[in-house]
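Values in this text are rule-based calculations from the coordinates and carry no lab data. Computed from a prediction, not measured in an experiment: that's the story for all the values here. For neighbour counting, all protein chains shown are included, and Cβ atoms are generated from backbone atoms with ideal geometry for every residue, glycine included.
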């Protein structure tokens, strides 16, 4: 039996750009209905982010598939009436404004929970709703810089480097979706909603895992390691004849096999490389032995050898290579969405594979909405408008 | 009233190293009880990862706080009896073995769901339980390489770079915790458990967001961008007199303010930089104007100026700087755990701030367990052992 976990759950999405929309995309993947509120005329800021194709932002399309767009002018009495009607009927509100913005509109959590005591109020912001930086604006790269991840990403001895995807936004969206689900689960017991306060900076700290503990114990901050692992050796990328190959031989047995297939048997009993601790200490010497052999064959030749021996290994793929990967295809991780005015575009799929949800249903394949595309539908369904009134409204605002 | 969402939820944790333990750490943060199964004598592989302090791995300690450790030899009849007793009484089983391992033990999901139809079975693996790569081993860096993120991380024109934290494991753990919660939520309706199949490679594809769509539309794979944002300008790091500063002036108004405070007023009306599209196209020229001014003051001086004008900006912190940050302290994002034999160590906190859970309760502050520390307790509570039998068992296996 097909059963999406969040079927019937209604989410009022006041968010824009990335962290909030990523959060509601995840909830949408589980079956929730997403009612995306957009400002008249311009909508979500990211509708203007390049590249634009036929006036549509690829950035926007990639994380707003299957959502419903309703245009509301939050400063007009009419818009406020519509907002209040909807907010009383939904389970969750998600926003990623700077803290204080919803209060200025008159709709802080303390007000909304009186209107709807079962409401879950998920706020994603740069620094959270408490603390000395609460009022500050933030974007992805700011929290990547402040949260430490940039200081450990890059070439050894080189400049700090931004993680190539907007990991500051994305993981905040992920923790936001997780916190929202937790509050929904708790509501089954308590009967009431609660607020979920997610800070992008907090999330950056949370994903550093052992780097925090290590720094606190060793007393020195780690720097960037390039293509090596901080505490497991050998676990790195090597240059091949034509490209790169990554090998992760993380225990003594794999290390011995790796030595064998690269004609480095003498290293197995070498006291410099006996244990993982030894190998960590003598990382550079060890690396040179492997590098010398590996540059003599192509990536494809090496992968065949490593896979045969079950040595964990892989190529470094550019994004276009993902479209050809049979595993990614089999797992439905690249979707094709038929987007009006543009045609088919590829976007990333839903990585949460639940046995109660068949593979053909696990992804939302509906297109991202045009600005205000569902305004008439939402006004009629949630705000008591008849068709004529709803059409008149859209003429005025959309 | 304090209410942790997962209070009363019992999780049998067969996982080791990082992705699985990160998943159960997140569930533990929400109040679930984690019963961590470890192999006799050695336990979780990561107990051997350096650096070791008084024989304890900092890596292990940082993500296993507050869990209970029970030693079970899964190949002995006695161990299998204990496992079966426990698995019938828990809500969730989490494992991150290579697919097929649990089946070889005789405990694949199809078997376990007969023993416990309400069981949620969360499996995190490199490539998932379906598809041509399902049987292959994987580690963090392998999926970082295969999943594309390394190809867009690094200096422009330079080598691909590994993200400095084990983002391949961490986001798989996050999606695993999210999927587990989704299945728990669904169980409230359906009355039955289900399996959650999380692949590290899938998760890497999922966090690429707009890079997938952009590549599919433009037909060319992006390369690394160093310290710049792929579609918003100015949004980058600049060298100051003493360090770096990041500025994210992502819309026209912020751009104008940024020009003003850096004595670059002439750029505001320059046709090369009028819109975000223009600025993206002429990124390097624009960058040079700002860089020239910004190198004349220190990071601290610039931050004071930017914060005053509410221009989003921040430093690039090394990990040790996080310990001094007042916002991170106020948000309880660095915990101190008193670890036996070692003393206080700092680890990262829980970024999910729920209004029903007071700040003093939101983090688990109990130490990480010694190998088998809770064996007697768990055997007595779940497997019908009396104290004498449980003690005899631990003498034999722990």
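General remarks:
- By the helix-only formula, in which each DSSP H run with n ≥ 4 contributes -39500 (n - 2.57) and the sum is divided by residues, the protein assembly as shown has a 222 nm mean residue ellipticity of -10500 deg cm²/dmol.
- Principal-axis tilt of helix B:387-397 within chain B, Cα atoms, nearest 10 degrees: 60 degrees
- The Cα atoms of segment A:263-369 cover 62, 32, 25 Å along the three principal axes, with the biggest extent listed first.
- For chain A, relative contact order (Cα pairs under 8 Å, six or more residues apart, normalised by length) works out to 19 percent.
- Ascending count of other beta-carbon atoms within 10 Å, so fewest first, for B:278, A:169, B:284: B:284, B:278, A:169
- For chain B, the direction-averaged projected area of the alpha-carbon convex hull comes to 23.7 nm².
- Quotient of C-alpha Rg and 2.2 N^0.38 Å, computed over segment A:49-114: 1.37
- All-pairs Cα distance distribution in segment A:235-316, expressed in whole percent, bin size 5 Å: 3, 16, 30, 28, 16, 7, 1
- Folded to 0 to 90 degrees: helix A:77-87 orientation relative to chain A principal axis, Cα: 60 degrees
- For segment B:103-223, alpha-carbon Rg relative to the globular expectation (2.2 N^0.38 Å, N residues): 1.28
- Tail fraction, Cα-Cα pairs, segment B:93-163, threshold 21 Å, whole percent: 42 percent
- Working from Cα pairs under 8 Å separated by at least six residues, relative contact order for segment A:235-316 is 43 percent.
- Shape call, segment B:192-350: gyration tensor on alpha carbons, a/c limit 1.5: oblate
- Against the rule of thumb 2.2 N^0.38 Å, how large the Cα Rg of segment A:1-63 comes out: 1.25
- Take the convex hull of the alpha carbons in segment A:322-398; its mean projected area over all directions comes to 7.4 nm².
- An oblate overall shape is assigned to segment A:28-82, the ratio a/c of its alpha-carbon gyration tensor axes (a ≥ b ≥ c) being 1.5 or greater and a/b not exceeding b/c.
- Look at B:192, B:279 and count the other Cβ atoms within 10 Å of each Cβ; fewest to most, that gives B:192, B:279.
- Between copies, the label points of residue B:218, set 7 Å from Cα on the Cα→Cβ line, lie 3.6 nm apart, reported in increasing order to one decimal in nanometres.
- Binned Cα-Cα distances of segment A:12-158, short to long, each 10 Å bin given as a whole percent: 10, 36, 35, 15, 4, 1
- Prolate/oblate/rounded call for segment B:167-252, Cα gyration tensor, a/c under 1.5 rounded: prolate
- Placing a label point 7 Å from Cα along the Cα-to-Cβ axis, residue A:265 is separated from the same position in the other copies by 7.8 nm, shortest listed first.
- Quarter of Cα convex hull surface for the protein assembly as shown, i.e. mean projection, nm²: 32.6 nm²
- Residues A:398, A:259, B:23 in ascending order of nearby Cβ atoms (within 10 Å, fewest first): A:398, A:259, B:23.
- Principal-axis analysis of the Cα atoms of chain A puts helix A:283-294 at an angle of about 80° to the longest axis.
- Structural descriptor for segment B:116-188: relative contact order 31 percent, calculated from alpha carbon pairs under 8 angstrom and at least 6 residues apart.
- Sorting A:246-254, A:376-384 by their mean Cβ neighbour count within 10 Å, with the most densely packed peptide first, gives A:246-254, A:376-384.
- Inter-chain shielding of B:125-137 (mean C-beta neighbours from other protein chains, 10 Å cut-off): 5
- Inter-copy separations for residue B:389, label at 7 Å along Cα-Cβ, nm, ascending: 7.0
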